[in-house]
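We did not get these values from a lab; they are worked out from the coordinates using the rules stated. None of these values were measured; they are calculated from a predicted model. For neighbour counting, all protein chains shown are included, and Cβ atoms are generated from backbone atoms with ideal geometry for every residue, glycine included.
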């Protein structure tokens, strides 16, 4: 296949790791944006890799559930593979659009093949850059120089709808990111911007990225409050329109205030969930309730979780709420709603997320005060 060029400039290659919703969409959209893409899928979880090889690329639907969609078409993918070394060797830019709980295992597989100067982009980050940097050193690769970028999430609202087929339901206006260390953020954004279909926006540091992940304010809490109906009537509800009520929105507002209070105590200037969602989806909602009820991006699919094993709980509680709770304890900020959600969602899944979640020790931040932590990530 002929190499592509971005904006008639030099050839740009990117490797995407993970053949789920986000991985296929990243491979499709990066290719559409003019990049040569290598898409990696793990052996044994490679149904989509095989399908893409058979089809020659990825289809993006023009409509889904009677809703017209943007970004439709077909894009041939340069390389699809289950060979980790081949995918790592393909590019200096490695994108990991995988759940937080998959980051460490994936990184350990990549580690023997990584080389100095490569850039790893975690979507979502959820403090993953700190965890992987510590893991790199713990595994005896302390001299390996890597660049890390954490993003608040993925750019798209997207679903796999069939073999080698996706539906892109919407896209953010921009993607907030930060590098570890943050002194590299501006430089790395300049290098990576040609790959992405939306602007990359710099946040203060990777701690801010974790706090600005918009899943923090709603996913675990609203899922927890609706779990009985969601489990008993699977695939019957839209998460945003059906699970949000005036009462649940009130609780989400208080949860969000706790997040803002911890951020302020750390020294971060954070947006409210409402401000962030309005900016990311070009809306002018006056409340979280109105936003959930009126979002066209999120309102077209019966997307509500059907069990407590959903990522809305098993990713967002241990990898977003637990780090907030650990930092809150460090700065002596009371967060009763956050802690309650951690306790209750853990009980739902017979887990203690305070122990199994992403801790300061996992991030290499144990025995540091807040000043030390901010200095370390800067």
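For a test of the definition: using alpha carbon positions, the gyration tensor, and the 1.5 limit on a/c, classify region 219-377 as rounded, prolate or oblate. Oblate, because a/c is 1.5 or more while a/b does not exceed b/c.
For the chain, modelled as a Gaussian network with Cα springs under 10 Å, which listed residue fluctuates most, 136, 293, 54? Checking each option, the largest mean-square fluctuation is seen for 54. Remark: 311, 115 ranked as 115, 311, counting other beta-carbon atoms within 10 Å and listing the fewest first.
Overall form of region 1-114: oblate. Here a/c, set by the Cα gyration tensor axes a ≥ b ≥ c, is 1.5 or more, and a/b is not larger than b/c. Each of (i) 60, 47, 44; (ii) 69, 55, 35; (iii) 56, 52, 38 is a candidate for Cα extents along the principal axes in Å; the one calculated from this structure is (iii).
Normalised by the number of residues in the chain, the average gap of Cα pairs under 8 Å and 6 or more apart makes the relative contact order 15 percent.
Per DSSP H run of at least 4 residues, take -39500 (n - 2.57); add these up for the chain, divide by its residues and hand me the 222 nm value, nearest 500 deg cm²/dmol.
Helix-only estimate at 222 nm: -11500 deg cm²/dmol.
When DSSP beta bridges are restricted to pairs lying wholly in the chain, around 40% turn out antiparallel. Here the extension length gained between residue 376 and residue 294 equals 25.4 nm, from 0.36 nm per residue of separation less the Cα-Cα distance. Taking a ≥ b ≥ c as the square roots of the eigenvalues of the alpha-carbon gyration tensor, region 285-378 is classed prolate because a/c is 1.5 or more and a/b outweighs b/c.
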